[in-house]
Protein chains: 2
Amino acid sequence: MATIRDVAKLANVSTATVSRVLNNNRYVNSETKNRVNEAIEKLQYRPNDVARSLFKGNSKMIALFVPDIKNPFFPELARAVEDVTNQHNYTFILCNTDDSHEKEVTYLNALTQKSVDGFIIVSSTITEEDLHHITSPVISLDRKFSSKISSVTVNNRKGAREATAYLQSIGCKKIAHISGPQTASNTEERLKGYLDVIEHEAWFHSNYVVTGDYRFENSYEIAKQLLTNHNDIDGIFVANDLMAVGVLKAAESLNIKIPEQLSVIGFDGITIGLTTTPSLTTIQQPIYEIGSRAAQILLQLIDHPEQKVIQEELEVTLIERDSTKRKE
Amino acid sequence: MATIRDVAKLANVSTATVSRVLNNNRYVNSETKNRVNEAIEKLQYRPNDVARSLFKGNSKMIALFVPDIKNPFFPELARAVEDVTNQHNYTFILCNTDDSHEKEVTYLNALTQKSVDGFIIVSSTITEEDLHHITSPVISLDRKFSSKISSVTVNNRKGAREATAYLQSIGCKKIAHISGPQTASNTEERLKGYLDVIEHEAWFHSNYVVTGDYRFENSYEIAKQLLTNHNDIDGIFVANDLMAVGVLKAAESLNIKIPEQLSVIGFDGITIGLTTTPSLTTIQQPIYEIGSRAAQILLQLIDHPEQKVIQEELEVTLIERDSTKRKE
DNA sequence: CTATTATATGTAACCGGTTACATAACCTTT
DNA sequence: AAAGGTTATGTAACCGGTTACATATAATAG
């Protein structure tokens with residue numbers, strides 16, 4: 001690989017001048033510039049980003065932490081982040097944390113050693129403490145770690161209230177909730193939203209809430225049990241779409257007709273909800289927008305670290321499909 | 001951030017000695033070692049990987065190119081690659097190429113400037129030529145670029161033959177094929193496999209083959225047309241699961257009963273096939289294994305660049321589910 | 001008892017860029 | 001004509017590690 005010194009020698013200038021041509025920042029005579037560019041062309045020279053990083057102290061890389069890219073919610077998020085960061089000539093690093101605090105901390109340290117310029121984090125376990133020694137900006141998604149960390153969130157509680165109220169509005173009498181894992185950041189908010197609506201009902205009992213793990217397989221089993229134990233349930237608000245699909249399949253296996261006997265509503269608005277039979281009613285998050293806003297804000301923070309904390313909250317939307325039935 | 005010089009000063013040794021302690025490679029007196037470690041601890045010192053990279057000429061990073069992470073086939077692949085690379089203390093970079101040659105080349109160059117140590121590439125458009133100036137090892141998935149590039153593939157043609165023959169074996173008389181986009185690497189092989197079985201049938205006509213784009217939405221439209229134009233079709237081999245799901249939905253909308261009137265088989269074996277109603281019969285690829293083998297081989301090539309090309313072919317498996325019906 | 005080898009550590013060059021500082025020629029301005 | 005500004009370029013320090021080479025002592029071999 002040709003270095004800047006090779007170029008300098010060939011063009012008969014100093015490395016400083018080559019650097020100036022490359023970065024197009026200081027005075028360079030246009031004739032000299034041509035000579036340098038020719039040399040660059042001839043040698044097929046490409047500057048070494050590592051050397052540049054070392055001097056500059058940055059790397060033009062940003063990282064995204066997600067629990068697990070196999071949950072279809074996250075690829076879309078990742079895509080948004082990648083698209084925005086690419087537009088700004090940043091390289092994108094994806095990290096699956098499996099919701100493990102240890103993995104998160106390991107990644108945080110390893111990437112800091114690589115001078116990564118910023119972090120976008122979907123996590124439930126990271127605390128302000130963990131970020132204390134991290135000098136590059138951090139933005140959290142789905143949850144606010146602290147008032148000092150910027151974030152992009154949706155109003156999970158409001159969405160959950162809307163979902164539950166919708167089930168009531170179409171005539172459901174006994175509405176159950178399958179929640180996310182305790183470890184997940186938004187589980188609590190969605191549960192609260194559900195309880196806001198249902199808590200004061202005479203029939204309500206904590207048996208109507210069961211804890212899932214945001215995955216399909218587990219939800220299938222849980223829902224089967226739930227529906228077997230309580231055959232009066234006629235509506236379920238499920239904390240995410242993936243689990244809601246599990247519920248659809250569970251009902252199918254128990255010969256419970258959806259939406260005639262049971263209405264199901266999910267949360268997220270991922271594509272899979274369109275592919276099931278019946279298709280899935282859900283609370284849709286603006287996933288791509290969440291990711292791209294987060295990336296934009298992060299890049300802003302990288303350029304202006306002095307800037308104050310930005311916390312944005314985006315809106316969710318109810319999407320009616322075939323897994324819920326409106327009362328005539 | 002503390003540097004190696006700060007540590008050296010505090011421990012009263014030279015930076016060379018600190019470096020030796022860090023890398024645990026040359027002779028260091030155990031007492032000195034303790035002193036250095038104490039200094040490291042006290043200063044919360046973390047070596048700067050960028051500086052190390054610059055000297056060593058490597059970065060401990062590997063990149064994976066996929067067409068689009070939103071296709072659920074790729075998250076699992078990505079996961080496998082990340083898991084393996086993490087075990088070996090490499091950082092994982094994910095790149096969505098959108099099957100665009102320009103994006104691929106841009107990524108290839110940008111990452112080479114960052115001294116990325118190796119590439120795992122799922123691509124149809126990259127040629128030996130494009131890789132000519134790339135000095136770090138490359139491994140291709142799903143397709144062999146050339147006999148000089150290592151690869152991990154499955155036997156697409158054999159799998160497609162199996163799928164088509166299976167439809168015949170359960171009694172389908174008129175079997176159509178929805179292929180992938182011309183731009184995709186495996187489209188051709190899967191089409192060939194289909195033709196191997198069907199080509200000599202008296203009824204066969206090129207109308208029975210239509211081209212999709214590996215995505216759900218488009219396939220839904222295509223399938224509706226296909227099924228409307230040819231109401232004699234009783235079996236479809238679809239080139240991937242995502243499109244096969246589109247076919248299921250299209251049939252549903254046309255009131256065609258699956259599997260009674262129409263049998264559908266996909267290719268890939270992604271989870272979504274379990275969530276549809278009916279669940280999807282498919283040719284399953286060992287996705288995680290493909291990814292982890294590719295990563296392992298790549299790491300091997302990084303450590304031993306002199307090693308000869310490795311080309312592995314893995315097996316696919318027919319998974320019978322509810323979208324195909326065995327004749328009584 | 002000398003020669004050789006293993007252990008231990010420091011000095012300084014090196015990786016490949018960037019930029020502060022120095023220098024010089026030329027152009028304006030008063 | 002002197003002073004100040006603009007344009008143009010080079011020298012060398014710097015970013016923070018690694019390691020070849022030099023040096024010195026202790027241990028072992030012949």
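For a quick check of your reading of the model, give me the residue pairs whose first member lies in the range B:13-42 and is under 17 Å from B:Lys56 (Cβ atoms), whose second is modelled with pLDDT of 90 or more and within 7 Å of DNA strand C (Cβ to nearest atom), with beta-carbon atoms closer than 7 Å and at least 6 apart or on different chains.
B:Arg26/B:Arg20
Could you tell me which residue of the range A:161-199 is nearest to the chain's Cα centre (by Cα), considering only residues that are part of a helix (DSSP H, G or I) and polar (S, T, N, Q)?
The qualifying residue nearest to the chain's Cα centre (by Cα) is A:Thr187.
Give the range B:24-56 a look and list any residue that's within 7 Å of DNA strand D (Cβ to nearest atom) and modelled with pLDDT under 90, or say none.
Across the range B:24-56, the qualifying residue is only B:Asn25.
Can you tell me how many residues in the range B:267-290 are in contact with a helix residue (DSSP H, G or I) (Cβ under 7 Å, 6 or more places away or on another chain), within 12 Å of chain A (Cβ to nearest Cβ) and not in a loop (DSSP other than H, G, I, E, B)?
5
Counting only residues that are among the charged types (D, E, K, R) and under 16 Å from B:Leu299 (Cβ atoms), which one in the range B:65-100 is surrounded by the fewest Cβ atoms within 10 Å (Cβ to Cβ)?
Only one residue tops the list, namely B:Asp83.
Going by the structure shown, is A:Lys103 facing chain B (nearest Cβ under 10 Å), under 18 Å from A:Leu299 (Cβ atoms) and more than 15 Å from the chain's Cα centre (by Cα)?
no
Being part of a loop (DSSP other than H, G, I, E, B) and among the hydroxyl-bearing types (Ser, Thr, Tyr) is the filter here, so list the residues in the range A:55-111 that pass it.
A:Ser59, A:Tyr90, A:Thr97, A:Ser100
If you take the residues in the range B:70-95 that are of a type outside the set (A, V, I, L, M, F, W, C) and more than 7 Å from chain A (Cβ to nearest Cβ), which one is nearest to the chain's Cα centre (by Cα)?
Checked the range B:70-95; the qualifying residue nearest to the chain's Cα centre (by Cα) is B:Asn71.
Looking at the range A:102-116, can you tell me whether even one residue there is charged (D, E, K, R), modelled with pLDDT under 95 and loosely packed, with under 15 Cβ neighbours inside 10 Å?
yes
Here's a check for you: in the range A:6-21, which residue that is surrounded by fewer than 18 Cβ atoms within 10 Å (Cβ to Cβ) and more than 10 Å from DNA strand D (Cβ to nearest atom) is farthest from B:Ser115 (Cα to Cα)?
Out of the qualifying residues, it is A:Lys9.
Within the range B:41-54, track down each residue that is at the interface with chain A (Cβ under 8 Å from one of its Cβ atoms) and either assigned to a helix (DSSP H, G or I) or within 15 Å of DNA strand C (Cβ to nearest atom) (or both).
Of everything in the range B:41-54, those that are at the interface with chain A (Cβ under 8 Å from one of its Cβ atoms) and either assigned to a helix (DSSP H, G or I) or within 15 Å of DNA strand C (Cβ to nearest atom) (or both) turn out to be B:Pro47, B:Asn48, B:Asp49, B:Val50, B:Ala51, B:Ser53, B:Leu54.
Given the structure, is B:Ile319 farther than 20 Å from B:Cys172 by Cβ, at pLDDT 95 or above and touching a Ser or Thr at 6+ places or on another chain (Cβ under 7 Å)?
Criteria not met by B:Ile319.
The values are calculated or read from the model by the stated rules, or taken from the named source; none is laboratory data. All values reported here derive from a predicted model rather than from experimental measurement. A quick note on method: Cβ atoms are made from the backbone with ideal geometry, for glycine too, and the neighbour counts reach across all protein chains shown.
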